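Following: one structure in structure tokens, then a few remarks.
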Amino acid sequence: MQTYLVGLQYHEPESYALWKNGVVEDYESSTGIFVKAKSEGEALAWGMEVANAVLRAANNDSGLSAGTFGYECWIEHNPEKSDWQHCLSFFQEVAVGELPNIEKMSAFAYSVWCKENGIEY
């Protein structure tokens, strides 16, 4: 097994509403999860399941699907050199088939983590 940093997209209802009303141009958010998997493909597939769970929880809507919005997952091959290098310890680690604590993946959770770690964003 190898551990992969999987990036995923989702949105929260407030930013989506602003976008629908023409107030903002972009409503997507992104986060990451370390996934222990046999292959990149397996990690990506599980990342999409996590993305669905995050999207559904953030919007309190069990019928949402990340794919419907065109959201994708990707592997960060060099996490230490990525735009996320400052927040790698924020990301949870799970094995394929194991859901992370979804509540700790929200934008609010990230803002709390940043304050606790002295990071301005």
Test for SER106: is it surrounded by 14 or more Cβ atoms within 10 Å (Cβ to Cβ), more than 22 Å from MET1 (Cα to Cα) and within 12 Å of the chain's Cα centre (by Cα): yes
Set SER106, SER62, SER111: member being more than 18 Å from ALA45 (Cβ to Cβ), hydroxyl-bearing (Ser, Thr, Tyr) and at pLDDT 95 or above: SER62
Tally of residues being charged (D, E, K, R) and in a helix (DSSP H, G or I) across the range 82-121: 4
Among residues of the range 60-74, those that are of a type in the set (A, V, I, L, M, F, W, C) and over 12 Å from the mean Cα position of the chain (by Cα), counted: 2
The range 1-49 - residue that is polar (S, T, N, Q) and in contact with an Asp or Glu (Cβ under 9 Å, 6 or more places away or on another chain) and, of those, modelled with the lowest pLDDT: SER15
Test: residue in the range 75-86 that is under 17 Å from TYR10 (Cβ atoms), touching a strand residue (DSSP E or B) at 6+ places or on another chain (Cβ under 6 Å), of a type in the set (A, V, I, L, M, F, W, C) and at pLDDT 95 or above: no
Members of the range 83-102 found to be surrounded by 12 or more Cβ atoms within 10 Å (Cβ to Cβ) and over 16 Å from THR3 (Cβ atoms), listed by number: HIS86, CYS87, LEU99, ILE102
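The values are calculated or read from the model by the stated rules, or taken from the named source; none is laboratory data. It should be emphasised that the depicted structure is a prediction, and the values quoted were computed from it without experimental measurement. Heads up, the Cβs are rebuilt from the backbone with ideal geometry, glycines too, and the neighbour counts pull from every protein chain shown.
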